[in-house]
1. Starting from residues that are in a helix (DSSP H, G or I) and among the hydrophobic types (A, V, I, L, M, F, W, C), keep the ones in segment 143-156 and report whichever is farthest from H115 (Cα to Cα).
2. Between a first residue in segment 22-35 that is touching a residue at least 12 places away in the same chain (Cβ under 8 Å) and among the small types (G, A, S) and a second residue that is open to solvent by less than 70 Å² (accessible area, probe 1.4 Å) and part of a loop (DSSP other than H, G, I, E, B), which pairs have beta carbons less than 7 Å apart while being 6 or more apart in sequence or on different chains?
3. Taking H115, is it free of Cβ contacts under 8 Å to residues at least 24 places away in the same chain and either over 30 Å from Q9 (Cβ atoms) or not charged (D, E, K, R) (or both)?
4. Being small (G, A, S) and within 14 Å of the chain's Cα centre (by Cα) is the filter; apply it to segment 111-135 and report the residue that is nearest to Q36 (Cα to Cα).
5. Can you go through P28, P61 and tell me which one is modelled with pLDDT of 95 or more, within 24 Å of T98 (Cα to Cα) and surrounded by fewer than 16 Cβ atoms within 10 Å (Cβ to Cβ)?
6. Of the residues L118, L164, L159, only one is part of a helix (DSSP H, G or I), among the hydrophobic types (A, V, I, L, M, F, W, C) and open to solvent by 80 Å² or more (accessible area, probe 1.4 Å); which?
7. What strands (runs of 3 or more DSSP E) lie completely within segment 1-80 and have 1 or more residues being among the aromatic types (F, W, Y) and within 30 Å of K198 (Cβ to Cβ)?
8. Any chance segment 96-109 includes a residue that's more than 22 Å from A187 (Cβ to Cβ), free of Cβ contacts under 8 Å to residues at least 60 places away in the same chain and not in a helix (DSSP H, G or I)?
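The values are calculated or read from the model by the stated rules, or taken from the named source; none is laboratory data. Just so we're clear, the structure is a prediction, and the values are computed from it rather than from any experiment. Positions of Cβ are generated from backbone atoms using ideal geometry, with glycine treated the same way; all protein chains shown enter the neighbour counts. The protein model used for the area step is the full one, side chains on, heavy atoms only, and it has no ligands, DNA or RNA in it. Shrake-Rupley method; radii C 1.70, N 1.55, O 1.52, S 1.80 Å.
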Amino acid sequence: MLAIIHNGQGARELKAGESGEVILDHTPFYAEAGGQVGDRGWLYSDDHNTVVAEVKGCYYPIHGVRAHQVVVKSPPYENRVGWGTLKVGDKVDAVVNTDIRQATMRNHTATHLLHAGLREVLGKHVKQAGSLVAPDHLRFDFSHFTGVENEELQDIEDLINKELLRNQKVETIVDVPIDVAVNEYHAMALFGEKYGDKVRVVQDRRLLD
């Protein structure tokens, strides 16, 4: 554990019941970005026998650094000296709640399907203008010059359900230079989103045939 933040200030430790933020040298947690909420999960003791903290979320305080929002668990036994306290330098095992992550991933995929359905039915002028992707719901903002008619909504829903039933395999290509992603793979860059020099491209197999 590299650092601890408590009440907005650097700290050496967090005690049982206290909340704060911790920085790890490595982490599997996805940080909140692009409208998608951060992962939730747990920090286990180094031997993986005990949950020492619950991770309520994860975000980027600065670029490239992920802060884990934690609540320290009470020790399982009162006589376990040192338990119930997180300290800078402690070794922990970070574990993502896979049920929540997979639910969030499904809603993330749904935003892309919705975007494609909107563009197919309403026109190619439609562009995403914001979103929220959470494990239990999604919100999708888009640009259009009028309200969407009920018939159009039904057509969009039918298109999305058809794609879901097809369960088509997609190909993921990692570490693609941003200019190659846009110019060669025709990836869509949206509403001033900040991208790094290299990006991950997800491509429908039908476009590769």
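1. Step by step, filter segment 143-156, then rank; the result is L153.
2. Qualifying pairs under 7 Å: A31/G38; G34/E193.
3. Working: free of Cβ contacts under 8 Å to residues at least 24 places away in the same chain: no; either over 30 Å from Q9 (Cβ atoms) or not charged (D, E, K, R) (or both): yes.
When the stated conditions are applied, H115 does not pass them.
4. Of all residues in segment 111-135, those small (G, A, S) come to 116-117, 123, 129-131, 134.
So of that shortlist, the ones also within 14 Å of the chain's Cα centre (by Cα) come out as 131, 134.
Numbers: S131: 8, A134: 6 Å.
Among those that are small (G, A, S) and within 14 Å of the chain's Cα centre (by Cα), it is A134.
5. Values: P61 fails: modelled with pLDDT of 95 or more.
Going through P28, P61 in turn, just one is modelled with pLDDT of 95 or more, within 24 Å of T98 (Cα to Cα) and surrounded by fewer than 16 Cβ atoms within 10 Å (Cβ to Cβ): P28.
6. Numbers: L118 fails: open to solvent by 80 Å² or more (accessible area, probe 1.4 Å); L159 fails: open to solvent by 80 Å² or more (accessible area, probe 1.4 Å).
Unique residue meeting the criteria: L164.
7. Values: elements: 3-6, 9-11, 13-15, 19-23, 41-45, 51-62, 65-72.
Counting at least 1 such residues, we get 51-62.
8. Start the filter on segment 96-109 by keeping residues that are more than 22 Å from A187 (Cβ to Cβ), which leaves 96-103.
Next, only the ones that are free of Cβ contacts under 8 Å to residues at least 60 places away in the same chain stay: 97-99, 102-103.
Still in the running and not in a helix (DSSP H, G or I): 97.
The answer is yes, given that some residue of segment 96-109 is more than 22 Å from A187 (Cβ to Cβ), free of Cβ contacts under 8 Å to residues at least 60 places away in the same chain and not in a helix (DSSP H, G or I).
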